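Computed from the coordinates by the stated procedures, all read-outs in this text should not be read as laboratory data. Everything quoted here is computed from the prediction, not taken from an experiment. Note that we place each Cβ from the backbone using ideal geometry, even for glycine, and neighbour counts take in every protein chain shown.
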Amino acid sequence: MDFKPMTRFRIVTLGCKVNQYESAWLREALCAEGWEWAGQGFADVTIVNTCIVTQTASRQSRQEIRKAIRRSPEGLVAAVGCYGQVFPEELMQIKGIGLIVGNSRKGAVVDLLKGALDGTDHEILVSGGFGSAARFDAMPVSRFSGRSRAFLKIQDGCESFCSYCIVPFARGPSRSLAMKEVLEGVERYCRAGYREIVLTGIHLGLYSGGEAGCSLVGLLKRIRSEKYPARIRLSSMEPNEITGEIIEMVAEGGWICRHLHIALQSGDDSILSSMNRRYTADDFAWLVQKIHETCPQSCIGADVMCGFPGENGQTFENTRSLLAGLPVSYLHVFRYSRRPGTRAAEFPLQVPPGEVKKMAEVMRALGRGKRSEFNRASLGNTLEVLREGRLPSKENMALGTSDNYVPVVFRFQSENDPDPLLKIRAEQIKDDKVEGTIVSASYPG
């Protein structure tokens, strides 16, 4: 009998938590086919899970594809995901690429890779539209290699069509994982020992699990009733989709993390309207104050875009002053990126890159101050911290994240505290992190 060596593969992932989840699924699915993870060694197949949300992400995706081709010139290099869905013609120009799979066919990528390797039914470009009846690809995952927390994709797609955003074209219409399968996913992670599970999606607030009344709120209520030995964290949400019930649940803590990340983008109403965002600066301010009043120790993050077409000194100052006066805990600041096919790409008054850079620097400085203030406010409190690994720069020191998203450094000795979820007393600020002492192990529920 001839010995057939196992196919060795590598996955390079760019972009969002949903991409990271889908790469984890692909890794498990290929290993179940008898393929072997290549690590840093030679790979017969390299899959680049692409991102195009900004020009930088697109460039990095192309760089990773070309790097993979140089590294394994005899191997198969496949580009999957958003790039092939929206701009396949750009990828077709890369010499040496062997397979391009858009998001509409990502669920079939295992069979497509096998076909490309054995030469059967092999087309380089495999994509197409989603259609109004697009189905959710479940892609079950049991483990996140090298991670202390696990992501669970429960929603895909977006129909908001914000004027700057390419994502609806890349991800298709909104669709959701059935509640029963969400619960099964949570249970799989709990059996694998995970103590934090991040519910994620392209537009998480649109979750609708197929059963009557199964909105995101309904799903969270069901998860709470199951009393799982893991805490739940919500990924980014839209301001107009964070309801009073969600705020009340987040304030409970324990089973759910006291952390909400809000996609603000701008604090100026004229810019928000031009972006096709469906709320006002006052709506955002009311929401942040409501969260803070309900749970003062909750962490409130915000996405902020700098340099949207038409932005000027006054509109930027409106955003800066809004955020400066609110109990926001940190900012995720990014520059506007002109994406072909979006309405904003054709807007007049495109902001010069130098001005955009200055705006982003000012906003990031504000964000650093907000983060420092929030971390300092935790001193003297006992935090529930998920241990994420050892701190390389310090012997016997570990790094973790509290349920309210405070980075915590603490002394760790595996024989004394093997559990990943710990209660830690916050004692001092050191190198932009909170340093503390373990009080006890802790489990939600």
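Nearest 5 is fine: what % of DSSP beta bridges in segment 295-445 come out antiparallel, could you say?
Taking every DSSP beta bridge within segment 295-445, about 70 percent pair in antiparallel fashion.
Mind jotting down the three principal axis lengths of segment 88-145 based on Cα atoms? Whole angstrom, largest first.
34, 31, 23
Under 16 Å between alpha carbons, and skipping anything fewer than 8 positions from LYS67 in its own chain: which lysines qualify?
Candidates past the 8-residue exclusion: LYS95.
How far is the Cα center of segment 120-180 from the Cα center of segment 261-290, in Å?
26 Å
At a Cα cut-off below 18 Å, give the aspartates and glutamates reachable from LYS221, other chains included and same-chain residues fewer than 8 away excluded.
Leaving aside aspartates and glutamates fewer than 8 places away in the same chain, those within reach of LYS221 are GLU181, GLU184, GLU187, GLU196, GLU211, GLU241, GLU245, GLU248, GLU252.
Leaving out same-chain residues fewer than 8 places away, which lysines sit with a Cα under 18 Å from that of LYS430?
Result set, ordered by chain and number: LYS370, LYS394.
³J(HN,Hα) across segment 108-115 via Karplus (A = 6.51, B = -1.76, C = 1.60, θ = phi - 60°), whole Hz, x for Gly/Pro?
Working through the residues one at a time gives 9, 5, 4, 5, 5, 5, 4, x Hz.
Which FRET efficiency value, to the nearest 0.05, is calculated for ARG143 and ASN381 with the Förster distance at 30 angstrom and r the Cβ-Cβ distance?
0.40
Are there any GluC sites (Glu not before Pro) in segment 206-287 that are in a DSSP loop and have at most 16 other Cβ atoms within 10 Å? List them by number.
GLU211
Any chance you could run the full-extension gain for GLU187 through LYS357? It's 0.36 nm times the residue separation minus the Cα-Cα distance, nm to one decimal.
Net length gain for the segment: 56.7 nm.
Taking Cα centroids, how far is segment 9-41 from segment 305-361 in Å?
That distance is 35 Å.
Taking N as the number of residues in segment 382-441, what is its alpha-carbon radius of gyration divided by 2.2 N^0.38 Å?
In units of the globular-protein estimate, segment 382-441 measures up at 0.96.
What is the fewest-to-most order of CYS214, CYS306 by other Cβ atoms lying within 10 Å of their Cβ?
CYS214, CYS306
Within segment 66-90, whose backbone N sits under 20 Å from a point 7 Å along Cα→Cβ of GLU123?
Within reach of a label on GLU123, which here means backbone N under 20 Å from a point 7 Å along Cα→Cβ, segment 66-90 contributes 77-90.
Roughly what % antiparallel, to the nearest 5, for the DSSP beta bridges in the chain?
Details: 26 of 71 bridges.
Taking every DSSP beta bridge within the chain, about 35 percent pair in antiparallel fashion.
Lys and Arg at +1, Asp and Glu at -1: add these up for the other residues within a Cβ distance under 13 Å of SER372 and post the number.
For residues surrounding SER372, the net value is +4.
Quick one: if the Förster radius is 51 Å, what FRET efficiency do ARG135 and GLN289 give, using the C-beta to C-beta distance and rounding to 0.05? Before the final figure, lay out each step's value.
Details: r = 40 Å, r/R0 = 0.78.
Rounded to the nearest 0.05, the efficiency is 0.80.
Can you give the translational diffusion coefficient of segment 156-267 in µm²/s, computed by Stokes-Einstein from the Kirkwood radius over Cα pairs at 10 °C and 1.306 mPa s?
107 µm²/s
Over all directions, the average projected area of the alpha-carbon convex hull for segment 150-377 comes to how many nm²?
Spelled out: convex hull of the Cα atoms, projected over all directions, averaged, 12.6 nm².
Okay, helix-only estimate at 222 nm for the chain: each DSSP H run of n ≥ 4 adds -39500 (n - 2.57), divide by all residues, round to 500 deg cm²/dmol; what do you get?
-10500 deg cm²/dmol
Throw me the Rg/Rh for segment 8-126, computed over C-alpha atoms with Kirkwood Rh, two decimals. Mind showing how you got there, number by number?
Numbers: Rg = 12.8 Å, Rh = 13.9 Å.
Computed over Cα atoms, the ratio is 0.92.
Just rank PHE42, PHE136, PHE144, fewest to most, by other beta-carbon atoms within 10 angstrom.
By the 10 Å Cβ count, ascending: PHE42, PHE136, PHE144.
As a quick test, which of the pairs LYS106/LYS180; LYS227/LYS433; LYS227/LYS423 have an alpha carbon distance above 26 angstrom in this structure?
Correct reply: LYS227/LYS433.
Based on the Cα coordinates of the chain, what is the per residue volume of their convex hull in Å³? Don't skip to the answer; put the middle values down first.
Details: hull volume 74.3 nm³, N = 445.
So the per-residue hull volume is 167 Å³.
Given R₀ = 30 Å, FRET efficiency for ALA251-SER372 by Cβ-Cβ distance, to 0.05?
Calculated transfer efficiency: 0.80.
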